[in-house]
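The next block holds one structure in the form of structure tokens; read it before the comments.
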Amino acid sequence: MRILANDGISQAGIDALKSNGFEVLTVNVAQNQLIDYINKHKIEALLVRSATEVRKDIIDQCPELKLIGRGGVGMDNIDVAYAKEKGVHVINTPEASSESVAELVFAHLYGAVRFLYDSNRTMPLDGDTRFKDLKKDYSSGSELRGKTLGIIGFGKIGQATAKIALGVGMKVLYHDSEIEETSVILKFYDDQTITFNLKNHSKEDVLKSADFITLHVPKQKAYVISKNEFKLMKDGVGIINTARGGALDEVALIDAMESRKVAFAGLDVYESEPKPEIKILMHPDISLTPHIGAATKEAQDRIGVELATKISSLLK
């Protein structure tokens, strides 16, 4: 059986698939050539990340396709319901990249509260001539311990983020449209565990109470955070978006930052991705990464192996 990993797959995933008798192709086929390639090479399983879209045309015109796999959590780029209706298996890896995304959230948070994103730009230019001035400029940082983290969306990634926050000593408030209460278990190196029982709060309460807010929601039809939501937040709040570009109104964000309602932002995803707006890219108080939430070696290995396990279970 032949598998096309069109957006790539880790070597660990390839090895696991090959050990189960699958042939794995890692050619990156252009979207408009994908149907012809799948049919010509008799592809029975198509693996994608976020770059490749699997819509009705592919599902309808590739009759030998038995499975579509998404390496990651969100499946916005796949017509999931239609595929299942046509008898095509659809799988993803909801847990494999959670920790990597959560760690990126805190990379942005730590960088922001200590101005690392800005000082790393100015030190190479002025560190030898304006050292004392820069020391003064960056001397008003703050600690995360004791602060409140508001988490909008409390699925696997939201919960992984909560675990780090609790370990740091932060208070966690979350809002989720489906999860009314849940237990978050922190595991430590010596097998000790601590369980935190958390309950859902209204979105309004989270926005009003949080010192920092992080978004972990699937693709939305409307903004989760826009002008009205910014009005509810504390002055000087920080906001992180590693979820979806359309979850956060970037025009409203810039306005909120100019008024100092929002002190800083950390963005890994963008409304106009892959060409983020210049106002976002050039803003001195925005920490930027190019959609790398799940892009760690460990996460990619977990994704590859998890996909291989699910494929073997469904197709062998």
The stretch 9-40 - residue that is farther than 14 Å from Ala308 by Cβ and not aliphatic (A, V, I, L, M) and, of those, farthest from the chain's Cα centre (by Cα): Lys40
Considering the stretch 224-247, residues that are open to solvent by 60 Å² or more (accessible area, probe 1.4 Å) and in a helix (DSSP H, G or I), and then whichever is nearest to Lys279 (Cα to Cα), we arrive at Lys227
Return yes or no: is Glu44 in contact with a helix residue (DSSP H, G or I) (Cβ under 9 Å, 6 or more places away or on another chain) and either over 30 Å from Ile286 (Cα atoms) or surrounded by fewer than 19 Cβ atoms within 10 Å (Cβ to Cβ) (or both)? yes
Restricting attention to the stretch 3-52, and to residues there that are of a type in the set (D, E, K, R) and modelled with pLDDT of 95 or more, which single residue is nearest to Val88 (Cα to Cα)? Glu44
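Filter the stretch 47-57 down to residues that are within 15 Å of Gln300 (Cβ to Cβ) and open to solvent by less than 60 Å² (accessible area, probe 1.4 Å) and give me whichever is nearest to the chain's Cα centre (by Cα). Write out each step before concluding.
Going residue by residue through the stretch 47-57, those that are within 15 Å of Gln300 (Cβ to Cβ) are 47-51.
Still in the list and also open to solvent by less than 60 Å² (accessible area, probe 1.4 Å): 47-48.
Working: Leu47: 19, Val48: 16 Å.
Once the filter is applied, the top-ranked residue is Val48.
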Output the number of residues of the stretch 253-287 satisfying the condition of being out of contact with any strand residue (DSSP E or B) (no Cβ under 6 Å at 6 or more places or on another chain), open to solvent by 30 Å² or more (accessible area, probe 1.4 Å), of a type outside the set (S, T, N, Q) and closer than 25 Å to Ser142 by Cα. 7
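Working only within the stretch 35-55, note down all residues that are farther than 19 Å from Ile292 by Cα and among the hydrophobic types (A, V, I, L, M, F, W, C). Please lay out each step first, then the result.
Step one: list which residues in the stretch 35-55 are farther than 19 Å from Ile292 by Cα, which gives 35-46, 54-55.
Of everything in the stretch 35-55, those that are farther than 19 Å from Ile292 by Cα and among the hydrophobic types (A, V, I, L, M, F, W, C) turn out to be Ile35, Ile38, Ile43, Ala45, Leu46, Val54.
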Determine which single condition Val217 fails, assuming it passes every other condition in (1) in a loop (DSSP other than H, G, I, E, B); (2) surrounded by fewer than 22 Cβ atoms within 10 Å (Cβ to Cβ). (2)
Matching entry among Glu250, Glu298 (being surrounded by fewer than 19 Cβ atoms within 10 Å (Cβ to Cβ) and farther than 16 Å from His108 by Cα): Glu298
Long-range neighbours under 9 Å by Cβ, at least six apart or interchain, first residue closer than 22 Å to Phe154 by Cα within the stretch 58-87, second assigned to a helix (DSSP H, G or I) and open to solvent by 40 Å² or more (accessible area, probe 1.4 Å): Gly71/Glu306; Val73/Lys156
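The values are calculated or read from the model by the stated rules, or taken from the named source; none is laboratory data. Predicted, not measured: the structure shown is a model, and the values here were computed from it. When we count neighbours, we look across all protein chains shown, and the Cβ atoms used for this are built from the backbone with ideal geometry, even at glycine. Note: accessible area is taken over every heavy atom of the protein model, side chains too, but ligands, DNA and RNA are not part of it. Shrake-Rupley method; radii C 1.70, N 1.55, O 1.52, S 1.80 Å.
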